Amino acid sequence: MSDSDKKSAEEKEEERIRLWREERAAAAEKEKQERIRIAREKRAQELASEEEQKKSAAAALLPNAESLKNIQKKIRRRNRRAKAWFALQIILFVIVPTGLVVGYLSERAVPLYEAKSVISITKPAKNNSVGLGGLLGAVGGAGEMNETFMAAAYIKSKALMDKLEEKTGFVTYLSSDALDPYTRLREVPFLGRTKESGFSRFVFSSIDIQTGLLTLYVRAPEPDMAIKVSEVVLELTVAQINQLSENLFKYRTELARQAVADAEANLTKAQTALTQLQIDSGEANPTARVEGIYTTITKLEADLADIEGQIQRASVAGQNDDLLTQRLFTLKENTQGLIDSQRARLISPPAGGGLSLNQLLLDYELDALQLKIAEDALSTARLALAKAEDDAALAQSQLLVVVPPKTSDYATLPNIPKTGFVSFLVFLSALSLYRLMPSARRT
C-alpha cells in the first residue's frame, strides 16, 4: 500500500472518530436537555399541585351560601336577644324604679307647705353715717351683717330645734306617723341619719350678702302650722341674738368698771406717794425752792462777773496794790464761796439726813407725773365705761319683717314632675355606667 493510500485511510479513521465524537456529544446534549425538561415539568407539576392544595384549603375556609345564611340567622337571633335584654334592663332598672318613686310621691308622701319670710336684724343708728339707701339705711342697720350671720347659724342649730320642740312640739309632730316614712324625722345610725340632719329640710335659711336680708323657710304639712312655726322661730332667733348681745356688752361693761376701779386705785396710790414725799421732805413744792436757789446763783454770778471786771480795770491802771483793789479780791472770794455753797445745797443731802434738793425734785416730778398719768387713765376709763353703758343700752336688736311669713295655695313638696325626672336621669345614668363596664359588655 502506497503512502497516499495509508494517509487516506488514517484521515478516514480520524474523520470517523470525529463524527462519532460529535454524535456522542450531540446525544449527551440531547439527553441533558431531556433531563432538564423532565425536571422542569416535574417542578411545574409539583407547584401546580401545591397551588391546587392551597386553593382547596382556602376554598374550604370560605363560607358557602348555606353557611352564610346560618351565620346571618345566628347574628339576628343574638341582636334580638341583646335588644330584648336592653329593653328589659331599661324597664327593670329605670322605668320601674322611677315609677316606684313617682308612685310613692303621689300616693304615700305627705304634701308640705312652705312659709317664706324675709327679715332684717338691725340696731338703732348711733350716727348719721352714710350707708345703704332706702328702708335699711333709714333704720341704720345696713351694716349689721354680724347679727344676720349669727341668726342664720342659730336657725340651723340643735338649740333652736330643742327650743322649738319645747314651745310647739314641732319635732315630735315631724317624727310621728303624720308624715310618710321617708319624710319624717327619725334616727338611722347605720346610715348616719339623725333628727338634727333631717330637721334642716323643714327649717332653714339663706342670706343675701348684698342687702344683708335673711330669708327664713319653714315647711309643714299644714299652711297655718308653717306660718305659726315661722313666727316662733323668729321670736326665738331675736331672743337668742339679744341674749348674745347682752352677754357681750355685760362682759364689756364689767371690764370697763374694773378698769375704772384699777385707775382709781392707781390714782390713790400716786396721790399718796406724792403727799408722803412732801411730808417726809418738809417741802410742799421743791420746784419753787430749787428755782429760788438757781435765781440766787444767777444773781451772785452776775455780781462776781462785775467784781472781776473792776479787778481787771484796776490791774490795767496799775492799782493792784491799792486797798480798794484788795477789797475787791476779798469780795470776789466771798462771792465765789456763796455760789459754791448754793450749788452744794442742790447736790448735798442736809446734815440731819434725807435727800438732796436735786434728788427731791426728781422724785417729786416723777410722783407728780405718775399722778397726772393716773388722772388721765381714770378719765379715759370713765369715758370707756360711759360708752360701754351707752352701747349696752342700744344693744337690743330689732327684727324688721320685710316680708311676713306666708304660704302658697298649693304644696311646695313633693314636686312630682321634677323629682320623677331627676330619678329617671339618675337610674338611667347608673344603668349607662353599668353597661360601660367590661363585664357588662361581655354579656
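Highlighted here are the helices (runs of 4 or more DSSP H) found entirely within the range 1-109 that include at least 1 residues which are among the polar types (S, T, N, Q) and modelled with pLDDT under 80: 3-61, 65-90. Scan the range 186-221 residue by residue and report those that are in contact with a helix residue (DSSP H, G or I) (Cβ under 9 Å, 6 or more places away or on another chain) and more than 30 Å from Ser120 (Cβ to Cβ). Scanning the range 186-221 gives Arg186, Glu187, Lys195. Any residue in the range 211-223 that is of a type in the set (Gly, Ala, Ser) sitting within a Cβ distance under 6 Å of a residue that is open to solvent by 10 Å² or more (accessible area, probe 1.4 Å)? List the pairs, counting only those 6 or more apart or interchain. As it stands, the answer is Gly212/Met145, since those pairs meet every condition given.
Considering only residues in the range 96-124 that are surrounded by fewer than 18 Cβ atoms within 10 Å (Cβ to Cβ) and of a type in the set (Val, Ile, Thr), the one that is nearest to Thr211 (Cα to Cα) turns out to be Val118.
Determine whether Ala351 is modelled with pLDDT under 75, of a type outside the set (S, T, N, Q), within 30 Å of Asn242 (Cα to Cα) and exposed (fewer than 13 other Cβ atoms within 10 Å of the Cβ). Criteria not met by Ala351. In the range 85-95, the residue that is nearest to the chain's Cα centre (by Cα) out of those that are open to solvent by 40 Å² or more (accessible area, probe 1.4 Å) and either without any contact (Cβ under 8 Å) to a residue 60 or more places away in the chain or farther than 19 Å from Val422 by Cβ (or both) is Ile95. The set of residues from the range 396-422 being farther than 20 Å from Leu112 by Cα, open to solvent by 70 Å² or more (accessible area, probe 1.4 Å) and not in a strand (DSSP E or B) comprises just one member, Gln396.
The single condition from (1) outside any helix (DSSP H, G or I); (2) more than 18 Å from Thr168 (Cβ to Cβ) that Ala256 fails is (1).
Would a scan of the range 248-266 turn up a residue that is within 32 Å of the chain's Cα centre (by Cα) and polar (S, T, N, Q)?
no
Select from the range 186-230 the residues that are surrounded by fewer than 16 Cβ atoms within 10 Å (Cβ to Cβ) and closer than 13 Å to Pro405 by Cβ and list them in ascending order. Of everything in the range 186-230, just one residue is surrounded by fewer than 16 Cβ atoms within 10 Å (Cβ to Cβ) and closer than 13 Å to Pro405 by Cβ, namely Asp224. Val171: out of contact with any Asp or Glu (no Cβ under 9 Å at 6 or more places or on another chain), outside any strand (DSSP E or B), surrounded by 15 or more Cβ atoms within 10 Å (Cβ to Cβ) and hydrophobic (A, V, I, L, M, F, W, C), yes or no? Against the criterion (out of contact with any Asp or Glu (no Cβ under 9 Å at 6 or more places or on another chain), outside any strand (DSSP E or B), surrounded by 15 or more Cβ atoms within 10 Å (Cβ to Cβ) and hydrophobic (A, V, I, L, M, F, W, C)), Val171 does not qualify.
The values are calculated or read from the model by the stated rules, or taken from the named source; none is laboratory data. Because the structure is a prediction, the values reported are computed rather than measured. A quick note on method: Cβ atoms are made from the backbone with ideal geometry, for glycine too, and the neighbour counts reach across all protein chains shown. Note: accessible area is taken over every heavy atom of the protein model, side chains too, but ligands, DNA and RNA are not part of it. Shrake-Rupley method; radii C 1.70, N 1.55, O 1.52, S 1.80 Å.
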